[in-house]
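Undergrad: A single structure is presented below for examination.
The numbers here are math on the coordinates, done by the rules we state, and not lab data. All figures in this text were calculated on a predicted structure; none of them were measured in a lab. Virtual Cβ from ideal backbone geometry, glycine too; neighbours counted across all protein chains shown.
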Amino acid sequence: MMRIKTCKALFFMLLTLVFFSCNSDDDANPNLENSEEIRITKEKLVGDWKLISSTIDNKNVSPAEFECLKNSTAIFNQDDTYELTFLKLGSNSTTLCSRTVTQSGTYTVIGLDSVTFFNFDSEIELIDDTLKITSKITNGSEEQDQIDIFIRSDNSELAENPDEETDDVETDETDGDNGDNTFDGTAVIQKILGKWKIDSDQDCLQKNTMEFKAQSVFEFIQHKKTFNRRDLLNYNVSVSYPLPESINATIFKGNDMVVFDTSAECQFIKTSTLEYVVKDEKTIVLKNISGLKLLLEDNTTIKLIYTFTDSDANEQVREFVYNKL
């Protein structure tokens with residue numbers, strides 16, 4: 001009889017141990033889950049970030065100010081250190097980005113999308129795929145909130161648009177041809193005066209035109225079916241993340257006027273007003289513009305040759321044919 005009671009007691013003790021062991025495993029699960037959340041968050045955080053939007057009291061900063069700010073970066077390292085670098089306008093309020101503000105320190109990931117930052121004066125939050133930094137700035141006697149949004153530098157919104165027929169032909173002034181020339185291009189000018197249209201049947205590309213006017217004025221109009229974040233940054237347009245469904249903006253930058261309009265058939269239109277120089281019987285260049293050359297094939301055909309360096313530092317050449325209207 002005693003043996004039976006002893007066996008029952010041992011059986012209940014065994015059940016208790018098994019039950020306690022299961023409860024211990026369950027208690028460990030939250031720690032394992034939290035550890036996985038920390039790993040996922042840190043993996044998302046570590047790397048290079050680029051500023052894509054800046055607002056002051058919920059209003060986008062001016063294109064002139066954003067021209068500097070858009071070059072601001074954030075770097076988060078595996079060793080729990082970070083560095084943020086803001087580029088800002090100089091004190092004379094020109095587009096010269098002469099002020100650099102650097103903030104660095106350490107961070108600790110404490111949970112899913114939850115990070116504690118040290119040695120940082122502003123509020124910084126990791127929200128989905130963005131870093132949101134809220135700073136207090138003083139404008140006269142008024143204190144305002146500046147909110148800067150960063151996304152990963154490898155974010156798809158910053159990539160080149162693979163669906164476009166052609167890249168936007170850049171016409172910003174550089175140290176290119178200065179226009180000095182001794183060739184008398186009067187006869188060539190008489191041939192090229194007027195409007196020319198690209199030879200293409202591809203969507204908006206077929207709308208591209210160029211026009212040679214009197215006094216060496218050259219008007220170049222380019223169309224693209226769509227635009228992306230990269231295009232907006234090129235022309236200093238600050239918009240929220242992700243891109244809003246409706247965007248309508250007209251930007252003047254150097255020799256260019258660019259229209260972004262998501263409701264238009266061709267959402268991106270750039271009009272460039274430049275100065276042309278006839279170099280010889282076949283060659284026309286644009287004054288102070290490098291990488292762009294026009295070759296007069298005959299009285300009705302001009303070939304536009306565009307040479308540029310891609311994001312991988314490789315030289316690329318694209319050619320387009322224009323016919324006289």
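Undergrad: Given 0.36 nm per residue, what is the gain on full extension from Gln144 to Val259 after removing their alpha carbon distance, in nm?
TA: Stretched fully, the Gln144-Val259 segment lengthens by 38.4 nm.
Undergrad: Quick check for you: which residues of the stretch 243-286 have the amide N under 17 Å from the point 7 Å beyond the Cα of Glu297 toward its beta carbon?
TA: Label zone hits: 282-284.
Undergrad: Lys50: which lysines have alpha carbons under 27 Å from its alpha carbon, excluding same-chain residues fewer than 8 sequence positions away?
TA: Those lysines meeting the cut-off are Lys42, Lys59, Lys70, Lys88, Lys132, Lys136, Lys224, Lys225, Lys253, Lys270.
Undergrad: In nm, give the distance between the simple-model label positions of Ser156 and Glu219, each being 7 Å from the Cα along the Cα-to-Cβ direction.
TA: The answer from the label model is 3.9 nm.
Undergrad: Just how large is the dipole of the stretch 191-325 about the Cα centre, in debye to the nearest 20, putting +1 at every Lys and Arg Cβ and -1 at every Asp and Glu Cβ?
TA: Magnitude of the dipole: close to 300 debye.
Undergrad: Can you give the FRET efficiency to the nearest 0.05 for Ala187 and Thr226, using r as the Cβ-Cβ distance and R₀ = 41 Å?
TA: 0.45
Undergrad: Okay, moving on. Can you list the HN-Hα couplings for the stretch 128-138, worked out from phi with the Karplus curve (6.51, -1.76, 1.60; θ = phi - 60°), rounded to whole Hz and with x for Gly and Pro?
TA: Once rounded to whole Hz, the list reads 6, 9, 10, 9, 10, 10, 10, 10, 9, 10, 10.
Undergrad: Hey, quick one: spin label on Asn314, modelled 7 Å out along Cα-Cβ, who in the stretch 208-238 has an amide N within reach, i.e. under 17 Å?
TA: None, by backbone N distance to the label point.
Undergrad: What lysines could a cross-link reach from Lys282, if we take a straight Cα to Cα line under 24 Å and drop same-chain neighbours fewer than 8 places away?
TA: Lys191, Lys195, Lys197, Lys213, Lys293, Lys303, Lys324
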